[in-house]
Each structure stands twice: as C-alpha cells, then as structure tokens.
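As structure tokens, the structure follows; a few thoughts come after it.
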Amino acid sequence: MWQKLRSELHPLGLEIVTVGLDTLGVDGCKHFIDAAKAEHPSLIDQHHVLADRFGVINIPSSIWINEHGVIVRPAEAAPAPPSDRRLPNVDMPAQMPQRMQDMLAEVVKMPNDSQAYHDGLRDWVSKGADSRYALSEEEVIARSQPRSAATSEGHAHFEIAAALEAEGRHALAIPHYRRAHELVPDSWTFRRQAWSLETHGDNPLARFWQGPDPQSPESWPYPGDWLGDVQAGGAENYNARFKP
C-alpha cells in the first residue's frame, strides 16, 4: 500500500521510508519488501531503535518529517489508504481457523480514521508548513510520548532480549521480553515481537496468527496474546484516534 501512495505523492515532493521492526532482521521482513516491489527506501530495524527514538508503540505508524529534517507530526497510527474493500465480519469461510475468524472479528471493530488521515497527509504534501496538519514544535513535543524511568528500563530489557535472540539464545531472551511487556504495557510492538517468535512456520504471518497452542497452553511463556489482549482492552482502544 505504501508503494502505491508513494507513486502518487512522490512527484509532489513526498518521500516515504518504510521501516520493518523485526528481531529476525532480513529473515522477518524481506518477504514483504520483495512482494511490495518498493521503489522507496525500505529499512529493517532489528533492534527496534525506531520505537526507542520516536515512541512507536504499534504498527503501522508514521512520523512526518519536513524538508528541513524537523518532525511536524510525531508517531501516530498510519492506516491504509481508504478502500471500498472491507474485511468480512459475517459469513467467514468455514475452513478458516476459528482463531483467525476471531481475530478478524476484532479487526473490523477497530475505528478507521483512514479517510481523515490521508486527507491530512495530502493537505500537508500540497501546502507544506501552511497545512493545518503540520504541527508547531510545541505541539509536537506536547503530543510526543513522555518517557518515565520505567519506560526506559523496559526498552533496555527489550534491547537485551533482541541481542540474545540474535545470538540464538531464545530461552534467555524470554524473561527480558516479559519484563519489557510489564514496564511498557502500551507497546504492541514489544508484545507482538515476542509472540511472533514463539510460534513457528515458513510464513511470518502464520507465526503470528497461530498464537498459543490450545492443546498445550502451558508452553506459552507470556501472560497474554494478541487476540486475548485486544479483547480485554477493547478493539476500539487498539490505536489512538487521528487528531488534526
């Protein structure tokens, strides 16, 4: 979807840089980059440095940076462009695994600010600093996520976990992932990363959709999973609403 948007807006001066947050590095992201046939820079952030530096807590998120290298909108949800296509919420195929049906049922409950977001993006590309969507430095700072000591400690635990994972020491990484989840509970990127490493399959998406093994729940080392946590917190709270 980002390649299509880039093709439209690049002639007007917009460049898109996508960053995949995945501890598996190339193995976790290359499949998607290749499938997109991206013409824009496509980076892989194995240690979630972007999340650390810019306050990214969920994906997809965006950060708007002007031609002077100044942030004019801090990290916020970046929904796909508006589309007439909708995920099904009724009459899902019987052969679809129940867990996947349940996950899609939660997805369709999530508020969709796609039209407002993309209208704002196009307004900014067209008007630059004169766009009402380009925030002042004071507004950017006010909207940026403050960092407490606990949040900093949580990011440190995640970095340790990522380093251990890169060395193939998965069992040692788990306690650090768990501690990162406890200290930074609003970070879906931290939780999703750990969960995806617990399920296996050739397709990265298959790992995520699979979730805990219902036949062996005690083998799941985390207190939550995507479906359970979304249901507990409410799908309507999964992403913050777009604010002009």
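The numbers here are math on the coordinates, done by the rules we state, and not lab data. In this text, all values refer to a predicted model and were calculated from it rather than measured experimentally. All Cβ positions, even for glycine, are placed from backbone atoms using ideal geometry, and neighbour counts span all protein chains on display.
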Tabulate in residue order the Karplus-calculated ³J(HN,Hα) for the range 149-160, using 6.51 cos²θ - 1.76 cosθ + 1.60 with θ = phi - 60°, rounded to whole Hz; enter x for Gly and Pro. 4, 5, 5, 4, 5, x, 5, 5, 4, 5, 4, 5
Would you mind computing, in nm to one decimal, how far apart the modelled labels at Gln145 and Gln98 are, each placed 7 Å from Cα along Cα→Cβ? 3.4 nm
Identify, among Pro244, Met96, Ala163, the residue whose Cα sits farthest towards the positive end of the charge dipole of the chain, taking +1 on the Cβ of Lys and Arg and -1 on the Cβ of Asp and Glu, with the dipole about the Cα centre. Pro244
How big, in percent, is the set of alpha carbon pairs in the range 149-234 lying more than 20 Å apart? 33 percent
Cα-based Lys proximity count in the chain, under 28 Å, for pairs eight or more positions apart or on separate chains: 7
Residues whose built amide H sits under 5 Å from the amide H of Val19, excluding neighbours closer than 5 in sequence, are Leu43
The chain: Cα Rg divided by the 2.2 N^0.38 Å rule of thumb: 1.05
If we count every other residue with Cβ under 13 angstrom of Val140's Cβ, Lys/Arg +1 and Asp/Glu -1, where does the sum land? -1
Separation in nanometres of the label points that stand 7 Å from Cα toward Cβ, at Glu153 and Ala240: 2.4 nm
Looking at Ser131, Gln193, Pro221, which one has the Cα that reaches farthest to the positive end of the dipole of the chain (charges on Cβ: Lys, Arg +1; Asp, Glu -1)? Ser131
Among trypsin sites (Lys or Arg not before Pro) in the range 1-110, those in a DSSP loop whose Cβ has at most 15 other Cβ atoms within 10 Å are Lys37, Arg85, Arg86, Lys109
Would you calculate the separation in nanometres between label points at Leu172 and Ala38, each defined as 7 Å from the Cα along the Cα-to-beta-carbon direction? 3.1 nm
Charges at C-beta only: +1 for Lys and Arg, -1 for Asp and Glu. How large is the resulting dipole of the range 7-151 about its Cα centre, in Debye rounded to 20? 220 debye
To the nearest 20 debye, what charge dipole does the chain have about its Cα centre, counting +1 at the Cβ of each Lys and Arg and -1 at the Cβ of each Asp and Glu? 300 debye
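How far, in nm, would the chain grow between Gln231 and Glu182 when pulled straight, counting 0.36 nm per residue and subtracting the alpha carbon separation?
15.8 nm
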Give the relative contact order (percent, whole number) for the chain; include only Cα pairs under 8 Å separated by 6+ residues. 20 percent
Counting Lys and Arg as +1 and Asp and Glu as -1, each charge on the Cβ, what is the dipole of the range 149-234 about the Cα centre in debye, to the nearest 20? 60 debye
Between His31, His47, His157, find the one with the highest GNM mean-square fluctuation for the chain; connect C-alpha pairs within less than 10 Å. His31
